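Input: a single structure, listed below in structure tokens.
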Ligand code: F3S
């Protein structure tokens with residue numbers, strides 16, 4: 001059986017940076033926590049917990065020590081509230097997510113109705129939206145949401161970094177007819193499109209496709225959807241232990257890719273299990 005492993009599988013720049021910052025902080029500090037999980041990988045979060053990094057959900061729970069801001073950022077209100085506390089902040093927000101937050105801030109301060117293309121419940125989206133402090137802001141997940149937008153004179157679009165370019169393009173098209181002036185910031189991260197394009201190409205060649213990553217990871221779920229559209233025999237797994245041998249019945253080629261928050265050791269274990 002041939003295995004096609006995506007070169008882009010695993011940590012992106014922002015996740016690698018956040019993870020390194022978290023492990024370094026854990027080495028040098030005693031009281032340390034993260035506000036929400038650092039990245040969407042339960043297995044990596046567990047490793048950090050072993051090093052003493054607790055995951056806290058609310059600013060109110062943090063009473064001192066050091067707090068790490070996760071790769072996809074927090075809301076401006078949370079950051080302000082942390083600033084008022086006696087805590088040291090290690091900001092591991094990915095610089096590309098920061099850019100999207102800055103664009104939302106700029107657009108709203110310049111009087112644009114802000115449209116964020118993304119998933120309403122995702123922490124990155126909630127973070128970006130919080131920076132649009134003035135005027136109206138809408139989160140639009142799909143073309144139907146865009147159709148439902150009210151008309152306005154000036155509209156500014158920002159995207160969740162892990163969105164697909166196709167979704168952004170379709171929504172931009174609909175928004176063109178919703179306003180007189182449209183400003184677009186393409187804040188989709190290159191790492192996402194490179195990973196998605198490679199996944200498409202591998203899924204076309206594979207009889208079975210494995211997508212590795214947290215079930216709570218938006219980019220992994222999207223990757224699994226993209227692969228499933230091309231190859232219905234696509235399985236989304238978090239660890240090698242979830243692989244079932246009957247998935248590979250009659251398969252000659254197995255494709256493997258992984259989300260941006262999937263640690264290398266998990267990918268290696270999956271490859272080994274498939275080879276076995
Ligand atoms: Fe940053 Fe792009 Fe990764 S936005 S966290 S480098 S997917």
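The values are calculated or read from the model by the stated rules, or taken from the named source; none is laboratory data. From a predicted model like this one, the values you see are computed outputs, not experimental measurements. For neighbour counting, all protein chains shown are included, and Cβ atoms are generated from backbone atoms with ideal geometry for every residue, glycine included.
Being closer than 23 Å to residue 269 by Cβ and buried (at least 22 other Cβ atoms within 10 Å of the Cβ) is the filter here; which residues of region 186-201 pass it? Residues satisfying the conditions are 195, 199.
Among the candidates 247, 265, the residue that is away from the ligand (no atom under 16 Å from the Cβ), part of a helix (DSSP H, G or I) and modelled with pLDDT under 95 is uniquely 265. Taking the criterion of being at negative phi and either touching a helix residue (DSSP H, G or I) at 6+ places or on another chain (Cβ under 9 Å) or touching a residue at least 60 places away in the same chain (Cβ under 8 Å) (or both), the residues of region 135-153 that qualify are 136, 137, 138, 139, 140, 141, 142, 143, 145, 146, 147, 149.
Exactly one residue out of 222, 183, 200 is more than 16 Å from the ligand (Cβ to nearest atom) and in a helix (DSSP H, G or I), and it is 200. Would you say residue 132 is in contact with a helix residue (DSSP H, G or I) (Cβ under 6 Å, 6 or more places away or on another chain) and within 16 Å of the ligand (Cβ to nearest atom)? It is false that residue 132 is in contact with a helix residue (DSSP H, G or I) (Cβ under 6 Å, 6 or more places away or on another chain) and within 16 Å of the ligand (Cβ to nearest atom). Selection over region 182-204 of residues that are in contact with a strand residue (DSSP E or B) (Cβ under 6 Å, 6 or more places away or on another chain) and touching a residue at least 60 places away in the same chain (Cβ under 8 Å) gives a count of 5.
Taking the criterion of being at pLDDT 95 or above, away from the ligand (no atom under 15 Å from the Cβ) and either surrounded by 15 or more Cβ atoms within 10 Å (Cβ to Cβ) or assigned to a loop (DSSP other than H, G, I, E, B) (or both), the residues of region 1-22 that qualify are 4, 5, 7.
Evaluating residue 109 against the criteria (1) surrounded by fewer than 14 Cβ atoms within 10 Å (Cβ to Cβ); (2) closer than 21 Å to residue 156 by Cβ; (3) at pLDDT below 95 leaves one unmet condition, (3).
Note on region 23-59: residues that are closer than 16 Å to residue 213 by Cβ, assigned to a helix (DSSP H, G or I) and in contact with a helix residue (DSSP H, G or I) (Cβ under 7 Å, 6 or more places away or on another chain) amount to 2. State all residues of region 71-89 that are within 16 Å of the ligand (Cβ to nearest atom) and in contact with a strand residue (DSSP E or B) (Cβ under 8 Å, 6 or more places away or on another chain); if no residue qualifies, say none. Of everything in region 71-89, just one residue is within 16 Å of the ligand (Cβ to nearest atom) and in contact with a strand residue (DSSP E or B) (Cβ under 8 Å, 6 or more places away or on another chain), namely 74. If the condition is being surrounded by fewer than 19 Cβ atoms within 10 Å (Cβ to Cβ) and more than 14 Å from the ligand (Cβ to nearest atom), then region 161-171 contributes 166, 169, 170.
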